[in-house]
Each structure stands twice: as structure tokens, then as C-alpha cells.
Amino acid sequence: MPNKTILVIEDMNSQRFIYKFNFKKMGFNVMGAETGEIALILAETHNPDLIISDVMLPRINGFEVCRQLKANEKTKNIPIIFVTAKSQKEDIIEGINAGGTHYIVKPFDFNELISKIYEIIGKPEETV
């Protein structure tokens, strides 16, 4: 069975690279999108097992991306973890109301994110 796929939505190239590098090293398949528009296309065509999304994105913010994914029959069941610097209570509530599964505030402990990933989609398959 192929490994689980994570779609990372992050407009900062360096941050997106760090996520992709670490998730690949752990054994996940990883796709990256720097805008919400690209993310919507990738999610619909590749149906990832999980989405990690920033909130502050150019043009379409992460909350709106989440709402559009949840309104689409093909993508409505994909879990979404927001990882963002937006730390106000109202932001967290909006993220969960938009359909987010979890909301993690930057800066964060990477192990916290990993534990949420494992909780939602499990660990990658072991290669023999």
C-alpha cells in the first residue's frame, strides 16, 4: 500500500521546503502549494490524505481554502491542520468553524505537529 500523502500549503518557500523535507524523510509523500488556488487544484486532482495549511496566503487565505475544500464533494473529507502565526481566539474559532481539524500556532514544537499527523492519518508504511 502506498504511503500517505500530505499537501502543504505555505507561501514562504523556506518554510514549505522544511515541511516537505521533514515529511519526506519520515516516509510520507508530499506535495507543496504556495497559493490557495494551486492548493485547491492539487487537492481535487490528487486527493491527499491530509492538508497542512498556513492561514495568511496571497489572494485566498487558508480559511477560505478550507471552506472551499469542505464544500467540494471530492475534497470535503480531507482533514486540515492549520499551522499559523494567527494566534487570536477569534482566528482559532474561525479556523475550526471553517472545517479545520486542528489549529497549531507558530512558533510550535514540530513534535506536536507530528503527533497530530499520526493521530489523523497514522504513521507512514515501513519499507522492507
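Here's the yes/no breakdown for (1) farther than 16 Å from TYR103 by Cα; (2) crowded, with 16+ Cβ neighbours inside 10 Å; (3) out of contact with any helix residue (DSSP H, G or I) (no Cβ under 8 Å at 6 or more places or on another chain):
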{"residue": "MET26", "(1), (2), (3)": "yes, no, no"}
{"residue": "GLU37", "(1), (2), (3)": "yes, no, yes"}
{"residue": "HIS46", "(1), (2), (3)": "yes, no, yes"}
{"residue": "ASN61", "(1), (2), (3)": "no, yes, no"}
{"residue": "ILE81", "(1), (2), (3)": "no, yes, no"}
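Residue by residue through region 9-24, note down the ones that are in contact with a Gly (Cβ under 7 Å, 6 or more places away or on another chain), buried (at least 19 other Cβ atoms within 10 Å of the Cβ) and assigned to a helix (DSSP H, G or I).
Passing the criteria: only ARG16.
Which condition number does LYS20 fail, the rest of (1) within 18 Å of ILE104 (Cα to Cα); (2) free of Cβ contacts under 8 Å to residues at least 12 places away in the same chain; (3) among the basic types (Lys, Arg) being met?
Condition not satisfied by LYS20: (2).
Residue under question is ILE6, and the condition is that it be in contact with a helix residue (DSSP H, G or I) (Cβ under 6 Å, 6 or more places away or on another chain), surrounded by 19 or more Cβ atoms within 10 Å (Cβ to Cβ), more than 17 Å from ASN72 (Cα to Cα) and modelled with pLDDT of 95 or more; does it hold? I'd like the intermediate steps shown before the answer.
Working: in contact with a helix residue (DSSP H, G or I) (Cβ under 6 Å, 6 or more places away or on another chain): yes; surrounded by 19 or more Cβ atoms within 10 Å (Cβ to Cβ): yes; more than 17 Å from ASN72 (Cα to Cα): yes; modelled with pLDDT of 95 or more: yes.
In short, yes.
Under 7 Å between Cβ atoms, which residue pairs at least 6 apart in sequence (or on different chains) link something in region 23-44 that is among the basic types (Lys, Arg) with a partner that is surrounded by 19 or more Cβ atoms within 10 Å (Cβ to Cβ)?
LYS24/VAL30
The values are calculated or read from the model by the stated rules, or taken from the named source; none is laboratory data. Please read these numbers as outputs of a predicted model, since none were measured by experiment. Cβ atoms come from the backbone with ideal geometry, glycine included; neighbour counts cover every protein chain shown.
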